[in-house]
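Presented below is the structure to which this report refers.
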Amino acid sequence: MSNRVSKAVLLCEDQEHQRLVFAFLKRCGIKNPGRIVRARVASLMRAGGNIGWVLDELPKELRAFRNRQSKANSLLIVVADADDCSVQDRRAQLNERVRQAKLEPLRTGESVALLIPKRNVETWIRYLLAEEVTETDDYKSSKPIGKDEFRKAADRLYDLSRPNAARDPKCPPALGEALPAWCMIGDCLR
């Protein structure tokens, strides 16, 4: 039986998250990601407090994912910036919301990708565009990121996330930690 998923949900804070994920999926050969990925983008659902919305919605989406998974291969992609806290702290917050909802913890091997950029996804994008970055500086307010830049960032991300890819010592630690999840996303949807 194929591991290819028939349904995926993207739960994320803002359109930059969505644009990077969709550009990556296109690089993986998915011509129209919107056909198989239902995007739930906090900034389009309400104004402000995007991480709070993602934390609130995660238990609902995880429950729905697990129900779908019993019928067909599914994928849940969660993108939440670490902001000023550590990646581990943001992951703990996400896991705590799952626990509070009385759901089983996230399991190894489950088709759930937690992508937690430190400081924000713009850090990853700027790095993927060959810019010098740190995980403490805020790149959110730097110059806008265009369609071509998202495509170029996705191309580099694809190369970095391949199973035998050489690791770049300048890769931001949070992105390096997330590369197996990016690889899993590509594998599930191809």
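Just so you know, all these numbers are worked out from the coordinates, no wet-lab data involved. Remember, it's a predicted structure, so these values are computed and weren't measured experimentally. Ideal geometry is used to build each Cβ from the backbone, glycine not excepted, and the neighbour counts take in all protein chains shown.
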Q: Rank CYS171, CYS28, CYS85 by mean-square fluctuation in a GNM of the chain with C-alpha springs under 10 angstrom and give only the top-ranked residue.
A: CYS85
Q.
Just to be sure I understand: with springs between alpha-carbon atoms less than 10 Å apart, which residue in ALA39, ALA174, ALA72 has the highest mean-square fluctuation in the Gaussian network model of the chain?
A. ALA72
Q | Listed residues GLN18, GLY48, TYR127: farthest to the positive end of the dipole of the chain (Cβ charges) | A | GLN18
**Q.** Long-range HN-HN contacts of ARG40 with modeled amide H, under 5 Å
**A.** LEU10, LEU11, CYS12
Q: Could you work out how far the C-alpha centroid of the stretch 16-55 sits from that of the stretch 170-190, in angstrom?
A: 16
Q: Could you work out the relative contact order of the chain, using alpha carbon pairs under 8 angstrom and six or more residues apart, expressed as a whole percent?
A: 26
Q: For every helix of n ≥ 4 consecutive DSSP H residues, a contribution of -39,500 (n - 2.57) applies; sum these over the chain, divide by its total residues, and give [θ] at 222 nm rounded to the nearest 500 deg cm²/dmol.
A: -15500 deg cm²/dmol
Q. Bin by bin, in steps of 5 Å, what percent of the Cα pairs in the chain do you find, going until the bin that has the longest distance?
A. 1, 8, 17, 22, 22, 17, 9, 3, 1, 0
Q | Convex hull per residue volume in Å³, alpha carbons only, for the stretch 44-92 | A | 94
Q) Say we join alpha carbon atoms closer than 10 Å with springs in a Gaussian network model of the chain; which of PRO144, PRO117, PRO180 then has the biggest fluctuation? A) PRO144
